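See below for the structure under consideration.
The values are calculated or read from the model by the stated rules, or taken from the named source; none is laboratory data. Owing to the predicted nature of the structure, the values given are computational and were not obtained by experimental measurement. Here the Cβ is made from the backbone with ideal geometry for all residues, glycine too, and neighbour counts use every protein chain on show.
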Number of protein chains: 2
Amino acid sequence: MRILISNDDGIFSEGIYVLAKSLINLGEVIVIAPDSEKSATGHAITMHHPLRVSRTKFFDLDIEAYSVSGTPADCVKLAVEAILKDRRPDIVVSGINNGPNLGTDVIYSGTVSAAVEAAILEIPSIAISMARSKFETFEHAGNFVTKLVEDIFEKGLYNNKELNETIINVNYPTVSEEEIRGVKVTTLGIRKYQNAFVERKDPRGNSYYWMSGEVMDLEQNESSDVVALRNNYISVTPIHFDLTNFKTYEYLKKLDLEKTR
Amino acid sequence: MRILISNDDGIFSEGIYVLAKSLINLGEVIVIAPDSEKSATGHAITMHHPLRVSRTKFFDLDIEAYSVSGTPADCVKLAVEAILKDRRPDIVVSGINNGPNLGTDVIYSGTVSAAVEAAILEIPSIAISMARSKFETFEHAGNFVTKLVEDIFEKGLYNNKELNETIINVNYPTVSEEEIRGVKVTTLGIRKYQNAFVERKDPRGNSYYWMSGEVMDLEQNESSDVVALRNNYISVTPIHFDLTNFKTYEYLKKLDLEKTR
(Lines give C-alpha, C1' and ligand atoms only; values in the text may rest on other atoms or scores of the structure.)
Protein backbone atom coordinates (compact mmCIF):
# COMPACT_ATOMS: atom_id res chain seq x y z
CA MET A 1 0.00 0.00 0.00
CA ARG A 2 1.28 3.49 -0.90
CA ILE A 3 0.32 6.24 1.54
CA LEU A 4 0.82 9.94 0.89
CA ILE A 5 0.99 12.09 4.02
CA SER A 6 0.56 15.85 4.15
CA ASN A 7 -0.54 18.47 6.68
CA ASP A 8 -0.85 22.21 7.25
CA ASP A 9 1.45 22.65 10.24
CA GLY A 10 4.49 22.14 8.04
CA ILE A 11 6.77 19.19 7.35
CA PHE A 12 8.77 19.62 10.54
CA SER A 13 5.83 19.58 12.95
CA GLU A 14 5.36 16.95 15.59
CA GLY A 15 1.95 15.72 14.36
CA ILE A 16 3.13 14.69 10.90
CA TYR A 17 6.09 12.84 12.40
CA VAL A 18 3.89 10.82 14.75
CA LEU A 19 1.49 10.04 11.91
CA ALA A 20 4.24 8.86 9.56
CA LYS A 21 5.89 6.80 12.29
CA SER A 22 2.64 4.92 12.81
CA LEU A 23 1.59 4.55 9.14
CA ILE A 24 5.00 3.23 8.06
CA ASN A 25 3.88 -0.12 9.51
CA LEU A 26 1.31 -0.46 6.70
CA GLY A 27 3.49 -0.01 3.62
CA GLU A 28 5.28 2.66 1.60
CA VAL A 29 4.92 6.13 3.09
CA ILE A 30 5.78 9.34 1.21
CA VAL A 31 5.57 12.70 2.96
CA ILE A 32 4.92 15.81 0.84
CA ALA A 33 4.06 18.78 3.00
CA PRO A 34 4.41 22.57 3.23
CA ASP A 35 7.86 23.93 4.13
CA SER A 36 6.30 26.08 6.88
CA GLU A 37 3.08 26.46 8.81
CA LYS A 38 0.04 27.02 6.58
CA SER A 39 -2.83 26.91 9.08
CA ALA A 40 -6.18 28.42 8.05
CA THR A 41 -5.19 28.53 4.39
CA GLY A 42 -8.47 26.81 3.45
CA HIS A 43 -8.42 25.47 -0.06
CA ALA A 44 -5.97 28.07 -1.36
CA ILE A 45 -3.76 27.01 -4.27
CA THR A 46 -0.74 28.75 -5.74
CA MET A 47 -1.25 29.91 -9.32
CA HIS A 48 0.81 33.08 -9.53
CA HIS A 49 4.11 31.86 -8.13
CA PRO A 50 6.02 28.72 -9.00
CA LEU A 51 6.24 25.95 -6.42
CA ARG A 52 9.64 24.90 -5.10
CA VAL A 53 10.12 21.29 -4.09
CA SER A 54 13.02 20.07 -1.94
CA ARG A 55 13.84 16.49 -1.13
CA THR A 56 14.43 16.44 2.60
CA LYS A 57 15.45 14.20 5.48
CA PHE A 58 12.44 13.33 7.65
CA PHE A 59 13.53 13.28 11.29
CA ASP A 60 14.98 9.85 12.20
CA LEU A 61 12.72 7.91 9.80
CA ASP A 62 13.80 6.37 6.50
CA ILE A 63 10.95 7.95 4.53
CA GLU A 64 10.90 9.70 1.14
CA ALA A 65 9.98 13.28 1.98
CA TYR A 66 9.61 16.57 0.10
CA SER A 67 8.94 20.04 1.38
CA VAL A 68 6.92 22.32 -0.89
CA SER A 69 6.74 26.13 -0.92
CA GLY A 70 2.93 26.01 -1.12
CA THR A 71 -0.34 25.26 0.61
CA PRO A 72 -1.62 21.83 1.72
CA ALA A 73 -3.86 21.62 -1.38
CA ASP A 74 -0.84 22.47 -3.55
CA CYS A 75 1.15 19.66 -1.92
CA VAL A 76 -1.44 16.98 -2.70
CA LYS A 77 -2.10 18.24 -6.23
CA LEU A 78 1.63 18.45 -7.00
CA ALA A 79 2.26 15.06 -5.42
CA VAL A 80 -0.40 13.26 -7.42
CA GLU A 81 0.04 15.12 -10.72
CA ALA A 82 3.82 15.50 -10.77
CA ILE A 83 6.10 14.07 -8.07
CA LEU A 84 4.24 10.73 -7.79
CA LYS A 85 2.80 10.78 -11.30
CA ASP A 86 3.76 7.15 -11.92
CA ARG A 87 3.24 6.06 -8.33
CA ARG A 88 -0.34 7.03 -7.54
CA PRO A 89 -1.05 6.86 -3.80
CA ASP A 90 -3.75 4.46 -2.56
CA ILE A 91 -4.75 6.86 0.18
CA VAL A 92 -3.89 10.34 1.43
CA VAL A 93 -3.75 11.06 5.15
CA SER A 94 -3.46 14.65 6.37
CA GLY A 95 -2.38 15.64 9.86
CA ILE A 96 -2.09 15.15 12.72
CA ASN A 97 -3.27 18.73 13.01
CA ASN A 98 -2.40 20.51 16.22
CA GLY A 99 -5.91 21.62 17.19
CA PRO A 100 -9.41 20.36 16.37
CA ASN A 101 -11.09 20.73 12.98
CA LEU A 102 -14.75 20.63 13.87
CA GLY A 103 -17.99 21.86 12.35
CA THR A 104 -18.00 24.99 10.22
CA ASP A 105 -14.28 25.41 10.91
CA VAL A 106 -13.33 22.68 8.45
CA ILE A 107 -13.89 25.19 5.67
CA TYR A 108 -10.87 27.19 6.89
CA SER A 109 -8.70 24.18 7.56
CA GLY A 110 -5.60 23.47 5.51
CA THR A 111 -5.44 19.96 6.99
CA VAL A 112 -8.91 19.12 5.73
CA SER A 113 -8.27 20.82 2.38
CA ALA A 114 -5.33 18.52 1.69
CA ALA A 115 -7.74 15.59 2.14
CA VAL A 116 -10.41 17.32 0.03
CA GLU A 117 -7.89 17.81 -2.79
CA ALA A 118 -7.17 14.07 -2.69
CA ALA A 119 -10.89 13.31 -3.00
CA ILE A 120 -11.18 15.68 -5.98
CA LEU A 121 -8.38 13.60 -7.54
CA GLU A 122 -10.43 10.47 -6.69
CA ILE A 123 -8.13 9.16 -3.97
CA PRO A 124 -9.60 8.09 -0.60
CA SER A 125 -8.48 10.40 2.16
CA ILE A 126 -8.50 11.00 5.89
CA ALA A 127 -7.87 14.19 7.87
CA ILE A 128 -6.88 13.77 11.51
CA SER A 129 -6.79 16.50 14.15
CA MET A 130 -6.22 16.67 17.87
CA ALA A 131 -5.73 19.46 20.37
CA ARG A 132 -2.46 18.37 21.95
CA SER A 133 -2.11 19.15 25.63
CA LYS A 134 0.85 19.16 27.95
CA PHE A 135 -0.10 15.66 29.10
CA GLU A 136 -1.56 14.02 26.01
CA THR A 137 0.53 13.19 22.95
CA PHE A 138 -0.44 12.45 19.36
CA GLU A 139 0.48 8.75 19.58
CA HIS A 140 -3.00 7.34 20.21
CA ALA A 141 -4.51 9.47 17.44
CA GLY A 142 -1.82 8.17 15.06
CA ASN A 143 -2.54 4.59 16.06
CA PHE A 144 -6.28 5.02 15.57
CA VAL A 145 -5.85 6.39 12.04
CA THR A 146 -3.43 3.61 11.20
CA LYS A 147 -6.06 1.06 12.20
CA LEU A 148 -8.67 2.95 10.20
CA VAL A 149 -6.49 2.87 7.06
CA GLU A 150 -5.85 -0.83 7.63
CA ASP A 151 -9.58 -1.50 7.96
CA ILE A 152 -10.36 0.47 4.82
CA PHE A 153 -8.01 -1.63 2.73
CA GLU A 154 -7.21 -4.94 4.32
CA LYS A 155 -10.59 -5.62 5.86
CA GLY A 156 -12.52 -3.90 3.05
CA LEU A 157 -14.33 -1.87 5.67
CA TYR A 158 -16.27 -0.07 3.00
CA ASN A 159 -16.32 -1.38 -0.51
CA ASN A 160 -18.39 1.47 -1.83
CA LYS A 161 -17.15 3.52 -4.72
CA GLU A 162 -18.94 6.63 -3.47
CA LEU A 163 -16.50 6.59 -0.62
CA ASN A 164 -13.75 7.49 -3.08
CA GLU A 165 -15.22 10.96 -3.03
CA THR A 166 -15.74 10.98 0.73
CA ILE A 167 -13.21 12.58 3.00
CA ILE A 168 -13.10 11.07 6.49
CA ASN A 169 -12.57 13.87 8.98
CA VAL A 170 -11.36 12.47 12.30
CA ASN A 171 -11.07 14.45 15.52
CA TYR A 172 -9.39 12.84 18.51
CA PRO A 173 -10.28 14.05 22.02
CA THR A 174 -7.63 15.54 24.29
CA VAL A 175 -7.90 13.00 27.09
CA SER A 176 -6.00 9.91 28.13
CA GLU A 177 -6.75 6.71 26.21
CA GLU A 178 -8.67 5.29 29.19
CA GLU A 179 -11.06 8.22 29.22
CA ILE A 180 -12.06 7.79 25.56
CA ARG A 181 -15.60 6.46 25.44
CA GLY A 182 -15.67 5.22 21.86
CA VAL A 183 -16.03 6.20 18.21
CA LYS A 184 -18.98 8.15 16.79
CA VAL A 185 -19.89 8.72 13.14
CA THR A 186 -20.94 12.37 13.18
CA THR A 187 -22.18 15.35 11.17
CA LEU A 188 -20.49 18.75 11.14
CA GLY A 189 -21.60 20.96 14.01
CA ILE A 190 -21.63 24.75 14.26
CA ARG A 191 -18.64 26.81 15.32
CA LYS A 192 -19.04 30.53 15.74
CA TYR A 193 -16.76 33.03 17.41
CA GLN A 194 -17.34 36.17 19.43
CA ASN A 195 -15.01 39.18 19.62
CA ALA A 196 -13.54 38.08 16.32
CA PHE A 197 -11.07 40.97 15.97
CA VAL A 198 -8.79 42.88 18.29
CA GLU A 199 -7.84 46.37 17.16
CA ARG A 200 -4.35 47.73 17.87
CA LYS A 201 -2.56 50.98 17.00
CA ASP A 202 0.87 51.17 15.44
CA PRO A 203 3.42 53.81 16.64
CA ARG A 204 2.03 56.22 14.01
CA GLY A 205 -1.52 55.91 15.35
CA ASN A 206 -2.85 53.76 12.49
CA SER A 207 -5.17 50.85 13.25
CA TYR A 208 -4.50 47.23 12.49
CA TYR A 209 -6.53 44.16 13.40
CA TRP A 210 -5.69 40.72 14.76
CA MET A 211 -8.09 37.89 14.09
CA SER A 212 -8.99 36.52 17.47
CA GLY A 213 -12.30 35.31 18.88
CA GLU A 214 -13.54 32.83 21.43
CA VAL A 215 -15.66 29.84 20.43
CA MET A 216 -19.30 30.49 21.35
CA ASP A 217 -21.20 27.90 23.34
CA LEU A 218 -24.02 27.17 20.89
CA GLU A 219 -26.81 24.64 20.81
CA GLN A 220 -25.60 21.73 18.71
CA ASN A 221 -27.20 18.86 16.88
CA GLU A 222 -26.74 15.70 18.99
CA SER A 223 -25.22 13.95 15.96
CA SER A 224 -22.50 16.59 15.59
CA ASP A 225 -18.75 16.21 15.90
CA VAL A 226 -18.72 19.05 18.45
CA VAL A 227 -20.97 17.06 20.83
CA ALA A 228 -19.00 13.83 20.27
CA LEU A 229 -15.69 15.48 21.19
CA ARG A 230 -17.25 17.21 24.20
CA ASN A 231 -18.28 13.75 25.46
CA ASN A 232 -14.82 12.24 24.88
CA TYR A 233 -15.72 10.29 21.75
CA ILE A 234 -13.50 10.11 18.67
CA SER A 235 -15.54 11.79 15.89
CA VAL A 236 -15.54 10.40 12.35
CA THR A 237 -17.33 12.78 9.98
CA PRO A 238 -17.80 11.96 6.29
CA ILE A 239 -17.47 15.14 4.23
CA HIS A 240 -17.57 15.93 0.52
CA PHE A 241 -16.79 18.77 -1.85
CA ASP A 242 -20.11 19.17 -3.65
CA LEU A 243 -21.26 22.52 -2.35
CA THR A 244 -24.57 22.45 -4.25
CA ASN A 245 -27.38 23.31 -1.86
CA PHE A 246 -30.00 20.82 -3.03
CA LYS A 247 -32.50 21.95 -0.38
CA THR A 248 -32.77 25.42 -1.87
CA TYR A 249 -32.12 24.25 -5.45
CA GLU A 250 -35.68 22.91 -5.76
CA TYR A 251 -37.04 26.06 -4.17
CA LEU A 252 -35.16 28.40 -6.50
CA LYS A 253 -36.18 26.41 -9.56
CA LYS A 254 -39.82 27.23 -8.84
CA LEU A 255 -39.15 30.97 -8.91
CA ASP A 256 -39.35 32.66 -12.26
CA LEU A 257 -35.83 34.04 -12.42
CA GLU A 258 -36.31 34.69 -16.12
CA LYS A 259 -38.28 37.75 -15.05
CA THR A 260 -35.21 39.05 -13.23
CA ARG A 261 -33.31 39.33 -16.48
CA MET B 1 -30.57 48.82 1.81
CA ARG B 2 -26.90 48.44 2.80
CA ILE B 3 -24.79 46.41 0.38
CA LEU B 4 -21.25 45.24 1.12
CA ILE B 5 -19.15 44.52 -1.97
CA SER B 6 -15.95 42.48 -2.04
CA ASN B 7 -14.00 40.40 -4.55
CA ASP B 8 -10.77 38.48 -5.06
CA ASP B 9 -9.27 40.40 -7.97
CA GLY B 10 -8.47 43.33 -5.68
CA ILE B 11 -10.14 46.65 -5.00
CA PHE B 12 -8.77 48.32 -8.13
CA SER B 13 -10.04 45.74 -10.62
CA GLU B 14 -12.53 46.52 -13.33
CA GLY B 15 -15.16 43.97 -12.21
CA ILE B 16 -15.67 45.43 -8.75
CA TYR B 17 -15.99 48.91 -10.19
CA VAL B 18 -18.70 47.86 -12.64
CA LEU B 19 -20.53 45.99 -9.88
CA ALA B 20 -20.46 48.95 -7.47
CA LYS B 21 -21.52 51.38 -10.19
CA SER B 22 -24.62 49.29 -10.84
CA LEU B 23 -25.51 48.44 -7.23
CA ILE B 24 -25.25 52.05 -6.06
CA ASN B 25 -28.70 52.55 -7.58
CA LEU B 26 -30.21 50.33 -4.87
CA GLY B 27 -28.95 52.03 -1.71
CA GLU B 28 -25.82 52.43 0.41
CA VAL B 29 -22.81 50.62 -1.03
CA ILE B 30 -19.62 49.95 0.92
CA VAL B 31 -16.63 48.34 -0.77
CA ILE B 32 -14.20 46.35 1.39
CA ALA B 33 -11.83 44.32 -0.73
CA PRO B 34 -8.25 42.97 -0.88
CA ASP B 35 -5.50 45.49 -1.66
CA SER B 36 -4.16 43.20 -4.42
CA GLU B 37 -5.18 40.17 -6.43
CA LYS B 38 -6.08 37.15 -4.27
CA SER B 39 -7.36 34.67 -6.85
CA ALA B 40 -7.50 31.00 -5.90
CA THR B 41 -7.09 31.75 -2.21
CA GLY B 42 -10.07 29.55 -1.39
CA HIS B 43 -11.37 30.12 2.09
CA ALA B 44 -7.99 31.16 3.53
CA ILE B 45 -8.07 33.56 6.47
CA THR B 46 -5.23 35.48 8.07
CA MET B 47 -4.52 34.45 11.64
CA HIS B 48 -0.77 34.89 11.99
CA HIS B 49 -0.38 38.43 10.67
CA PRO B 50 -2.40 41.49 11.54
CA LEU B 51 -4.70 42.97 8.90
CA ARG B 52 -4.13 46.51 7.66
CA VAL B 53 -7.14 48.54 6.60
CA SER B 54 -6.89 51.72 4.50
CA ARG B 55 -9.74 54.03 3.64
CA THR B 56 -9.41 54.65 -0.07
CA LYS B 57 -10.90 56.60 -2.97
CA PHE B 58 -12.92 54.33 -5.24
CA PHE B 59 -12.40 55.40 -8.84
CA ASP B 60 -14.82 58.21 -9.78
CA LEU B 61 -17.61 56.99 -7.47
CA ASP B 62 -18.63 58.56 -4.18
CA ILE B 63 -18.50 55.28 -2.25
CA GLU B 64 -17.05 54.41 1.17
CA ALA B 65 -14.22 52.03 0.36
CA TYR B 66 -11.48 50.21 2.29
CA SER B 67 -8.59 48.12 1.05
CA VAL B 68 -7.52 45.27 3.31
CA SER B 69 -4.18 43.43 3.41
CA GLY B 70 -5.94 40.07 3.49
CA THR B 71 -8.00 37.50 1.66
CA PRO B 72 -11.60 37.86 0.43
CA ALA B 73 -12.87 35.87 3.46
CA ASP B 74 -10.85 38.20 5.74
CA CYS B 75 -12.46 41.24 4.11
CA VAL B 76 -16.01 40.06 4.76
CA LYS B 77 -15.27 38.86 8.30
CA LEU B 78 -13.48 42.11 9.19
CA ALA B 79 -16.22 44.17 7.56
CA VAL B 80 -19.05 42.53 9.45
CA GLU B 81 -17.28 42.05 12.79
CA ALA B 82 -15.28 45.28 12.98
CA ILE B 83 -15.51 48.01 10.30
CA LEU B 84 -19.30 47.81 9.91
CA LYS B 85 -20.00 46.43 13.38
CA ASP B 86 -22.85 48.87 13.96
CA ARG B 87 -23.96 48.95 10.34
CA ARG B 88 -24.63 45.31 9.46
CA PRO B 89 -24.99 44.82 5.68
CA ASP B 90 -28.29 43.48 4.33
CA ILE B 91 -26.49 41.58 1.59
CA VAL B 92 -22.94 40.85 0.44
CA VAL B 93 -22.12 40.73 -3.26
CA SER B 94 -18.73 39.43 -4.41
CA GLY B 95 -17.25 40.03 -7.86
CA ILE B 96 -17.50 40.56 -10.71
CA ASN B 97 -14.78 37.94 -10.97
CA ASN B 98 -12.70 37.99 -14.12
CA GLY B 99 -13.20 34.35 -15.16
CA PRO B 100 -15.90 31.77 -14.47
CA ASN B 101 -16.41 30.03 -11.11
CA LEU B 102 -18.07 26.79 -12.12
CA GLY B 103 -18.43 23.30 -10.65
CA THR B 104 -15.67 21.92 -8.47
CA ASP B 105 -13.65 25.08 -9.05
CA VAL B 106 -15.77 27.10 -6.61
CA ILE B 107 -13.85 25.43 -3.80
CA TYR B 108 -10.68 27.29 -4.89
CA SER B 109 -12.43 30.57 -5.56
CA GLY B 110 -11.77 33.63 -3.44
CA THR B 111 -14.81 35.34 -4.98
CA VAL B 112 -17.12 32.57 -3.85
CA SER B 113 -15.40 32.34 -0.44
CA ALA B 114 -16.21 35.98 0.29
CA ALA B 115 -19.88 35.11 -0.28
CA VAL B 116 -19.56 31.90 1.78
CA GLU B 117 -18.10 33.90 4.68
CA ALA B 118 -21.16 36.20 4.53
CA ALA B 119 -23.46 33.17 4.71
CA ILE B 120 -21.54 31.83 7.73
CA LEU B 121 -22.24 35.22 9.33
CA GLU B 122 -25.92 34.77 8.37
CA ILE B 123 -26.02 37.47 5.70
CA PRO B 124 -27.52 36.66 2.27
CA SER B 125 -24.88 36.72 -0.42
CA ILE B 126 -24.23 36.50 -4.13
CA ALA B 127 -21.03 35.71 -6.05
CA ILE B 128 -20.87 36.85 -9.67
CA SER B 129 -18.30 35.76 -12.25
CA MET B 130 -17.77 36.27 -15.95
CA ALA B 131 -14.98 35.52 -18.37
CA ARG B 132 -14.47 38.96 -19.87
CA SER B 133 -13.53 39.01 -23.53
CA LYS B 134 -12.16 41.72 -25.76
CA PHE B 135 -15.69 42.41 -26.99
CA GLU B 136 -17.90 41.75 -23.99
CA THR B 137 -17.82 43.94 -20.90
CA PHE B 138 -19.00 43.33 -17.35
CA GLU B 139 -21.93 45.79 -17.62
CA HIS B 140 -24.68 43.28 -18.36
CA ALA B 141 -23.52 40.96 -15.60
CA GLY B 142 -23.58 43.91 -13.18
CA ASN B 143 -27.08 44.84 -14.25
CA PHE B 144 -28.35 41.27 -13.86
CA VAL B 145 -27.04 41.00 -10.30
CA THR B 146 -28.50 44.38 -9.44
CA LYS B 147 -31.91 43.17 -10.57
CA LEU B 148 -31.41 39.94 -8.60
CA VAL B 149 -30.61 41.88 -5.39
CA GLU B 150 -33.66 44.06 -5.99
CA ASP B 151 -35.88 41.01 -6.46
CA ILE B 152 -34.54 39.38 -3.32
CA PHE B 153 -35.46 42.36 -1.17
CA GLU B 154 -38.02 44.58 -2.77
CA LYS B 155 -40.08 41.88 -4.41
CA GLY B 156 -39.46 39.33 -1.64
CA LEU B 157 -38.33 36.86 -4.28
CA TYR B 158 -37.64 34.29 -1.65
CA ASN B 159 -38.96 34.75 1.84
CA ASN B 160 -37.34 31.62 3.15
CA LYS B 161 -35.03 31.77 6.12
CA GLU B 162 -33.00 28.83 4.86
CA LEU B 163 -31.86 31.11 2.08
CA ASN B 164 -29.94 33.15 4.65
CA GLU B 165 -27.47 30.30 4.60
CA THR B 166 -27.56 29.89 0.83
CA ILE B 167 -24.95 31.52 -1.36
CA ILE B 168 -26.17 32.34 -4.87
CA ASN B 169 -23.34 31.64 -7.29
CA VAL B 170 -23.98 33.39 -10.61
CA ASN B 171 -21.97 32.86 -13.79
CA TYR B 172 -22.59 35.11 -16.74
CA PRO B 173 -21.79 33.85 -20.26
CA THR B 174 -19.23 35.62 -22.42
CA VAL B 175 -21.54 36.53 -25.27
CA SER B 176 -23.46 39.62 -26.32
CA GLU B 177 -26.71 40.32 -24.48
CA GLU B 178 -28.74 39.28 -27.52
CA GLU B 179 -27.16 35.83 -27.57
CA ILE B 180 -28.10 35.05 -23.96
CA ARG B 181 -30.85 32.47 -23.95
CA GLY B 182 -32.11 32.87 -20.40
CA VAL B 183 -31.47 32.05 -16.76
CA LYS B 184 -31.06 28.52 -15.38
CA VAL B 185 -31.05 27.38 -11.75
CA THR B 186 -28.23 24.85 -11.74
CA THR B 187 -26.15 22.39 -9.72
CA LEU B 188 -22.35 22.42 -9.59
CA GLY B 189 -20.77 20.50 -12.44
CA ILE B 190 -17.36 18.83 -12.61
CA ARG B 191 -14.18 20.63 -13.53
CA LYS B 192 -10.99 18.64 -13.90
CA TYR B 193 -7.69 19.64 -15.45
CA GLN B 194 -5.07 17.78 -17.42
CA ASN B 195 -1.36 18.57 -17.50
CA ALA B 196 -1.81 20.30 -14.19
CA PHE B 197 1.86 21.24 -13.71
CA VAL B 198 4.66 22.50 -15.93
CA GLU B 199 8.19 21.80 -14.69
CA ARG B 200 10.95 24.37 -15.27
CA LYS B 201 14.62 24.53 -14.29
CA ASP B 202 16.24 27.52 -12.65
CA PRO B 203 19.77 28.66 -13.72
CA ARG B 204 21.26 26.31 -11.10
CA GLY B 205 19.44 23.29 -12.52
CA ASN B 206 16.84 22.98 -9.74
CA SER B 207 13.25 22.18 -10.64
CA TYR B 208 10.27 24.33 -9.93
CA TYR B 209 6.65 23.87 -10.95
CA TRP B 210 3.96 26.17 -12.34
CA MET B 211 0.35 25.23 -11.80
CA SER B 212 -1.20 25.10 -15.22
CA GLY B 213 -3.68 22.67 -16.75
CA GLU B 214 -6.37 22.69 -19.39
CA VAL B 215 -10.00 22.06 -18.52
CA MET B 216 -10.99 18.53 -19.51
CA ASP B 217 -14.09 18.00 -21.61
CA LEU B 218 -16.05 15.73 -19.26
CA GLU B 219 -19.54 14.33 -19.31
CA GLN B 220 -21.70 16.66 -17.22
CA ASN B 221 -25.03 16.43 -15.50
CA GLU B 222 -27.60 18.26 -17.65
CA SER B 223 -28.60 20.34 -14.62
CA SER B 224 -25.05 21.64 -14.14
CA ASP B 225 -23.74 25.18 -14.34
CA VAL B 226 -21.10 24.00 -16.83
CA VAL B 227 -23.80 22.90 -19.30
CA ALA B 228 -25.85 26.07 -18.75
CA LEU B 229 -22.91 28.33 -19.55
CA ARG B 230 -21.95 26.24 -22.56
CA ASN B 231 -25.47 26.85 -23.93
CA ASN B 232 -25.32 30.60 -23.27
CA TYR B 233 -27.56 30.60 -20.20
CA ILE B 234 -26.85 32.61 -17.07
CA SER B 235 -26.30 29.99 -14.33
CA VAL B 236 -27.67 30.55 -10.80
CA THR B 237 -26.37 27.85 -8.44
CA PRO B 238 -27.43 27.73 -4.79
CA ILE B 239 -24.47 26.59 -2.66
CA HIS B 240 -23.94 26.10 1.06
CA PHE B 241 -21.12 25.50 3.49
CA ASP B 242 -22.26 22.32 5.22
CA LEU B 243 -19.72 19.83 3.94
CA THR B 244 -21.29 16.86 5.74
CA ASN B 245 -21.67 13.99 3.28
CA PHE B 246 -25.09 12.70 4.32
CA LYS B 247 -25.08 10.00 1.64
CA THR B 248 -22.12 8.22 3.18
CA TYR B 249 -22.99 9.24 6.76
CA GLU B 250 -25.76 6.63 6.95
CA TYR B 251 -23.48 4.05 5.38
CA LEU B 252 -20.62 4.70 7.78
CA LYS B 253 -22.95 4.58 10.79
CA LYS B 254 -23.76 0.97 9.99
CA LEU B 255 -20.12 -0.07 10.15
CA ASP B 256 -18.78 -1.04 13.51
CA LEU B 257 -16.00 1.50 13.80
CA GLU B 258 -15.75 0.73 17.49
CA LYS B 259 -13.80 -2.36 16.41
CA THR B 260 -11.25 -0.13 14.72
CA ARG B 261 -10.28 1.39 18.03
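The table below gives the values:
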{"item": "Leading residue by the ranking (surrounded by the most Cβ atoms within 10 Å (Cβ to Cβ)) among those in segment A:182-202 that are part of a loop (DSSP other than H, G, I, E, B) and modelled with pLDDT of 95 or more", "result": "A:186"}
{"item": "Residues of segment A:203-225 satisfying the condition of being part of a loop (DSSP other than H, G, I, E, B) and either in contact with a Ser or Thr (Cβ under 8 Å, 6 or more places away or on another chain) or of a type in the set (A, V, I, L, M, F, W, C) (or both)", "result": "A:216, A:218, A:221, A:223"}
{"item": "Restricting segment A:49-96 to residues that are basic (Lys, Arg) and under 15 Å from residue A:119 (Cβ atoms), the residue that is surrounded by the most Cβ atoms within 10 Å (Cβ to Cβ)", "result": "A:77"}
{"item": "Count - residues of segment B:169-180 that are more than 8 Å from every other protein chain (Cβ to nearest Cβ), of a type in the set (A, V, I, L, M) and either without any contact (Cβ under 8 Å) to a residue 24 or more places away in the chain or in a loop (DSSP other than H, G, I, E, B) (or both)", "result": "1"}
{"item": "Looking only at segment B:76-91, and only at residues there that are within 15 Å of residue A:198 (Cα to Cα) and touching a Pro at 6+ places or on another chain (Cβ under 8 Å), the one that is farthest from the other protein chains (Cβ to nearest Cβ)", "result": "B:79"}
{"item": "The listed residue being surrounded by fewer than 19 Cβ atoms within 10 Å (Cβ to Cβ) and within 15 Å of residue A:23 (Cβ to Cβ), out of A:179, A:150, A:162", "result": "A:150"}
{"item": "Residue pairs meeting the criteria (Cβ under 7 Å; at least 6 apart or on separate chains; first farther than 13 Å from residue B:56 by Cα, in segment B:11-32; second surrounded by fewer than 23 Cβ atoms within 10 Å (Cβ to Cβ) and among the basic types (Lys, Arg))", "result": "B:27/B:2; B:28/B:2"}
{"item": "Pick from segment A:226-261, criterion part of a strand (DSSP E or B) and not aliphatic (A, V, I, L, M), ranking: surrounded by the fewest Cβ atoms within 10 Å (Cβ to Cβ)", "result": "A:233"}
{"item": "Of residues in segment A:117-137 being modelled with pLDDT of 95 or more and under 25 Å from residue A:222 (Cα atoms), the one surrounded by the most Cβ atoms within 10 Å (Cβ to Cβ)", "result": "A:127"}
{"item": "Positions within segment B:52-85 being hydroxyl-bearing (Ser, Thr, Tyr) and in a strand (DSSP E or B), in sequence order", "result": "B:54, B:56, B:66, B:67"}
{"item": "Some residue of segment B:213-224 being surrounded by fewer than 19 Cβ atoms within 10 Å (Cβ to Cβ), at pLDDT below 95, over 16 Å from the mean Cα position of the chain (by Cα) and facing chain A (nearest Cβ under 9 Å)", "result": "yes"}
{"item": "Residues (assigned to a helix (DSSP H, G or I) and either within 17 Å of residue A:236 (Cβ to Cβ) or touching a strand residue (DSSP E or B) at 6+ places or on another chain (Cβ under 9 Å) (or both)) located in segment A:115-144", "result": "A:115, A:116, A:117, A:118, A:119, A:140, A:141, A:142, A:143, A:144"}
{"item": "Verdict on residue B:226 being of a type in the set (A, V, I, L, M) and within 29 Å of residue A:169 (Cβ to Cβ)", "result": "yes"}
{"item": "Among (1) touching a strand residue (DSSP E or B) at 6+ places or on another chain (Cβ under 6 Å); (2) surrounded by fewer than 21 Cβ atoms within 10 Å (Cβ to Cβ); (3) not hydroxyl-bearing (Ser, Thr, Tyr), the one test that residue B:206 misses", "result": "(1)"}
{"item": "Top-ranked residue of segment A:92-112 - restricted to ones that are hydroxyl-bearing (Ser, Thr, Tyr) and touching a Ser or Thr at 6+ places or on another chain (Cβ under 7 Å), ranked as nearest to the other protein chains (Cβ to nearest Cβ)", "result": "A:111"}
{"item": "Residue pairs meeting the criteria (Cβ under 7 Å; at least 6 apart or on separate chains; first more than 22 Å from residue A:163 (Cβ to Cβ) and facing chain A (nearest Cβ under 7 Å), in segment B:237-248; second charged (D, E, K, R) and crowded, with 24+ Cβ neighbours inside 10 Å)", "result": "B:237/B:225"}
{"item": "Selection count where residues are over 8 Å from the mean Cα position of the chain (by Cα), part of a helix (DSSP H, G or I) and closer than 17 Å to residue A:46 by Cα, scope segment B:98-114", "result": "4"}
{"item": "Test: residue in segment B:181-190 that is without any contact (Cβ under 8 Å) to a residue 24 or more places away in the chain, over 27 Å from residue B:117 (Cα atoms) and of a type in the set (Lys, Arg)", "result": "no"}
{"item": "When residues of segment B:10-48 are limited to those that are part of a loop (DSSP other than H, G, I, E, B) and more than 14 Å from chain A (Cβ to nearest Cβ), the one surrounded by the most Cβ atoms within 10 Å (Cβ to Cβ)", "result": "B:11"}
{"item": "Check on residue A:166, at the interface with chain B (Cβ under 7 Å from one of its Cβ atoms) and either of a type in the set (Lys, Arg) or touching a residue at least 40 places away in the same chain (Cβ under 8 Å) (or both)", "result": "yes"}
